[in-house]
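Below: one structure, written as structure tokens.
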Amino acid sequence: MEKDARPSWDNHMQFVLACISYAVGLGNVWRFPYLCQMHGGGGFLIPYFLMLFLEGVPLFYLELAIGQKMRLGSIQAWTAISPYLGGVGLASVVTSLYLCLYYNIINAWSFWYLFHSFHLVLPWADCPINSNRTGPVEECERATPTQYYFYRETLDISSSIEENGGVHKGQALCLLLSWLITYLFIVKGVKSTGKVVYFTATFPYVVLFIYLIRGITLHGAVNGVKYMFTPKMEQLANPVTWINAATQIFFSLGLGFGSLIAYASYNQYNNNFECQAIVVSLINSGTSIFASIVTFAIYGFKATVNYENCLERTRLLLLNTFNLAEDSIIINNTFQWVEKLNTTFPQQFAELANQLEDCDLQHELDTAVEGTGLAFIVYSEAIKNMPLSQLWSVLYFIMLLLLGMGSMLGNVTAIITPLQDFKVVSHMNSELFNGLVCLFCLLLSLGFTTSSGNYWFTMFNDYGATFSLLFIVLIEVISVSYIYGLTRFEKDIKDMLGHRPNWYWKIMWAGTSPLLLIALFVFYIISYIQGGTPRYRAWNKELGKSMVTEYPVFGQVFIGLLLVSSVICVPLTALHVYCRNRKHGNQKKRQPTGTTVLA
């Protein structure tokens, strides 16, 4: 490959920070803690780290090597390896486009919460007053203030995906701001991105550390941390635990989107990407554990507050029902009084059966929440109970914004870099082209700011990337190992690093990683088929909670298009190249020779 002139990072640190900023994202904060909670606490770390070294690090290394060797974006890099593989890069661009469309709406929500954190009283701390000024809004009372604020104030959500409404102007403005900042961050390509990552890659750790100090000093935080580090080893016998560990590693590192190939293409040819792949992978996993400790401290605080509030309600019920002295029952002896009164006044106590709550700290800790529910509801509920809640809210949502913006840099670069490799685009002014890409994504993503937008967000989040990324990375590792050839790949690495990859990397690329990816791919297809009709959670205004419901026919059709649209790029591109080559071959055969013409 010709080592032509190409923009490059100012130094190695910029590249490492860019990779960290891209890989360390919202999933580290809201997905990994959920998986720990679901799959045995500390015991989940065993399959997690095994999958990191069997799948994560080798594939991360492979994508960096391809980008640095070819010095091209994903489409042209795979076309250079084989014209038949150009569709792999195209599939990556399509998948990154889907991600960009819905990922920035999360940043818009973060902006919304950040701006409203400057109120004297956090708007999600209490239920709003109804229009008659006679009491709280009934829907909010049936739910919780944090749930009501997210679903009704932030999203203005409809009752189903079929009920569409107008654009939420506040959310649309926040989305516009998110895309404007994204554009400013990538306006000059790696020259501007390289400066921004010093902040987006480091400041979230400052906030996490501050939250760690605050978290472990909260009342009941120790309950959450103990819960995390108490291993439930029986979960290791559950195959879903291992599959989720492998999937989390896969998506947390951002494999298959083309972002790593794009970032590495701006490296110096002899940059030591091997060491950087290991360092970034370990930092990413370490951040997940660090964020989990903070999250579980918050979990412990929230669970303890809910548990003690439940006990307080029970205490007041007993005091009022049995006319006991105010100080006779305290939170610590509530259960003893329940047993005593049940024994002494069984008939009167039986009448309270429907009013008594089952207060259980373990149940509160077992309640697992992931995604937006964790980031915007559970955390918000914990923050409102902290002293100086506005300060902690501002810090938290700034951290979410930086994590989201850092990942967006890689997502947009995965689209822009491959397109700029084409001659038609390469002659355009880069600032103009980058602006047009951001404007195009902004206009398409406005649909997520409508009243049914959150349901479309859920659809894109569940089906827009998972299937296609598994397929893309499987094709990548098989293509490098068995089409391009490991021997040639080894020579390329030696040309860049001065030494060949050792036996560990070759075993992973040639056998272990492809087999794991095939297993994940097959499991995903089986799970999708066995799952029946796709479902989503729709907000029920009457009950004040979300209910599981099936997607309508048009939603199911759209899910099918999401699953197929990126993957189909691979066989279609290969078929196009085959037909083109065959056509050119036939034309050469039909072309008369010089002797025939003279005759």
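The values are calculated or read from the model by the stated rules, or taken from the named source; none is laboratory data. On a predicted model such as this, the values are computed, not experimentally measured, just so you know. Every residue, glycine among them, receives a Cβ derived from its backbone with ideal geometry; neighbour counts consider all protein chains shown. Accessible surface areas use protein heavy atoms only, side chains included; no ligands, DNA or RNA. Shrake-Rupley method; radii C 1.70, N 1.55, O 1.52, S 1.80 Å.
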**Fill in**
With the first residue restricted to segment 374-390 and required to be assigned to a helix (DSSP H, G or I), and the second required to be acidic (Asp, Glu), Cβ contacts under 9 Å at 6 or more apart or on different chains are 384/126
**Message:** I want to confirm something. Restricting to segment 401-428 and keeping residues that are part of a helix (DSSP H, G or I) and free of Cβ contacts under 8 Å to residues at least 24 places away in the same chain, which single residue is least open to solvent (accessible area, probe 1.4 Å)?
**Reply:** 425
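Within segment 441-450, count every residue that is in contact (Cβ under 8 Å) with a residue 24 or more places away in the chain and surrounded by fewer than 20 Cβ atoms within 10 Å (Cβ to Cβ).
Initially, segment 441-450 is screened for residues in contact (Cβ under 8 Å) with a residue 24 or more places away in the chain, giving 441-442, 444-446, 448-450.
Restricting the remaining residues to those that are surrounded by fewer than 20 Cβ atoms within 10 Å (Cβ to Cβ) gives 444, 446.
So the answer is 2.
Run down 190, 167 and say which single residue is in contact with a Pro (Cβ under 6 Å, 6 or more places away or on another chain) and of a type in the set (A, V, I, L, M, F, W, C). It would help to see each step written out before you state the result.
On the way: 167 fails: in contact with a Pro (Cβ under 6 Å, 6 or more places away or on another chain).
Every option except 190 fails the conditions.
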**Request:** Could you run through segment 196-244 and say how many residues are without any contact (Cβ under 8 Å) to a residue 24 or more places away in the chain, closer than 22 Å to residue 399 by Cβ and part of a helix (DSSP H, G or I)?
**Result:** 3
**Asked** What is the one condition in (1) surrounded by 16 or more Cβ atoms within 10 Å (Cβ to Cβ); (2) among the small types (Gly, Ala, Ser); (3) touching a residue at least 40 places away in the same chain (Cβ under 8 Å) that residue 192 does not satisfy?
**Response** (3)
**Request:** Go through segment 206-231 residue by residue and tally those that are within 14 Å of residue 302 (Cα to Cα), of a type in the set (Ser, Thr, Tyr) and buried (at least 20 other Cβ atoms within 10 Å of the Cβ).
**Result:** 1
**Item:** Residue satisfying condition, being charged (D, E, K, R), under 27 Å from residue 549 (Cβ atoms) and at pLDDT 90 or above, within set 139, 153
**Value:** 153
**Prompt:** Within segment 249-270, can one find any residue that is open to solvent by less than 10 Å² (accessible area, probe 1.4 Å) and either in contact with a Lys or Arg (Cβ under 7 Å, 6 or more places away or on another chain) or of a type in the set (Lys, Arg) (or both)?
**Reply:** yes
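Given the residues 211, 183, which is the only one that is modelled with pLDDT under 90 and under 23 Å from the mean Cα position of the chain (by Cα)?
Values: 183 fails: modelled with pLDDT under 90.
Testing whether each residue is modelled with pLDDT under 90 and under 23 Å from the mean Cα position of the chain (by Cα) leaves just 211.
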**Message:** Looking at the structure I just gave you, is residue 262 over 19 Å from the mean Cα position of the chain (by Cα), assigned to a helix (DSSP H, G or I) and modelled with pLDDT of 90 or more?
**Reply:** yes
**Message:** Filter segment 352-373 down to the residues that are among the acidic types (Asp, Glu), modelled with pLDDT of 75 or more and in a loop (DSSP other than H, G, I, E, B) and list them by number.
**Reply:** 357, 358, 360
**Message:** So the check is Cβ under 6 Å with 6+ separation or different chains; which pairs have a first residue in segment 152-171 that's touching a residue at least 24 places away in the same chain (Cβ under 8 Å) and in a loop (DSSP other than H, G, I, E, B) and a second one that's surrounded by 14 or more Cβ atoms within 10 Å (Cβ to Cβ) and of a type in the set (D, E, K, R)?
**Reply:** 168/156
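Residues are listed down the side, and each one gets a yes or a no for (1) open to solvent by less than 40 Å² (accessible area, probe 1.4 Å); (2) closer than 30 Å to residue 150 by Cα; (3) among the polar types (S, T, N, Q):
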position	(1), (2), (3)
535	no, yes, no
552	yes, yes, no
555	yes, yes, no
560	yes, yes, no
565	yes, no, yes
571	no, no, no
574	yes, no, no
581	no, no, yes
**Fill in**
Of the conditions (1) surrounded by 24 or more Cβ atoms within 10 Å (Cβ to Cβ); (2) modelled with pLDDT under 90; (3) not in a helix (DSSP H, G or I), the single one that residue 295 does not satisfy is (3)
**Message:** Looking only at residues that are of a type in the set (S, T, N, Q) and more than 15 Å from residue 464 (Cα to Cα) in segment 528-568, which one is modelled with the highest pLDDT?
**Reply:** 549
**Qualifying residue in segment 290-301 (condition: over 30 Å from residue 211 (Cα atoms) and in contact with a helix residue (DSSP H, G or I) (Cβ under 8 Å, 6 or more places away or on another chain))** = no
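Report yes if residue 533 is in contact with a strand residue (DSSP E or B) (Cβ under 6 Å, 6 or more places away or on another chain) and either without any contact (Cβ under 8 Å) to a residue 12 or more places away in the chain or on the phi < 0 side of the Ramachandran plot (or both), otherwise no.
Details: in contact with a strand residue (DSSP E or B) (Cβ under 6 Å, 6 or more places away or on another chain): yes; either without any contact (Cβ under 8 Å) to a residue 12 or more places away in the chain or on the phi < 0 side of the Ramachandran plot (or both): yes.
Spelling it out, residue 533 is indeed in contact with a strand residue (DSSP E or B) (Cβ under 6 Å, 6 or more places away or on another chain) and either without any contact (Cβ under 8 Å) to a residue 12 or more places away in the chain or on the phi < 0 side of the Ramachandran plot (or both).
Is it true that residue 133 is basic (Lys, Arg) and either in contact with a strand residue (DSSP E or B) (Cβ under 8 Å, 6 or more places away or on another chain) or open to solvent by less than 80 Å² (accessible area, probe 1.4 Å) (or both)?
Numbers: basic (Lys, Arg): yes; either in contact with a strand residue (DSSP E or B) (Cβ under 8 Å, 6 or more places away or on another chain) or open to solvent by less than 80 Å² (accessible area, probe 1.4 Å) (or both): no.
No; evaluated as a whole, the condition is false for this residue.
Being among the aliphatic types (A, V, I, L, M) and under 27 Å from residue 201 (Cα atoms) narrows it down to one residue among 240, 225; which is it?
On the way: 240 fails: under 27 Å from residue 201 (Cα atoms).
Checking each option against the conditions leaves just 225.
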**Message:** Residues that are over 28 Å from residue 312 (Cα atoms) and buried (at least 23 other Cβ atoms within 10 Å of the Cβ): does segment 379-389 have at least one?
**Reply:** no
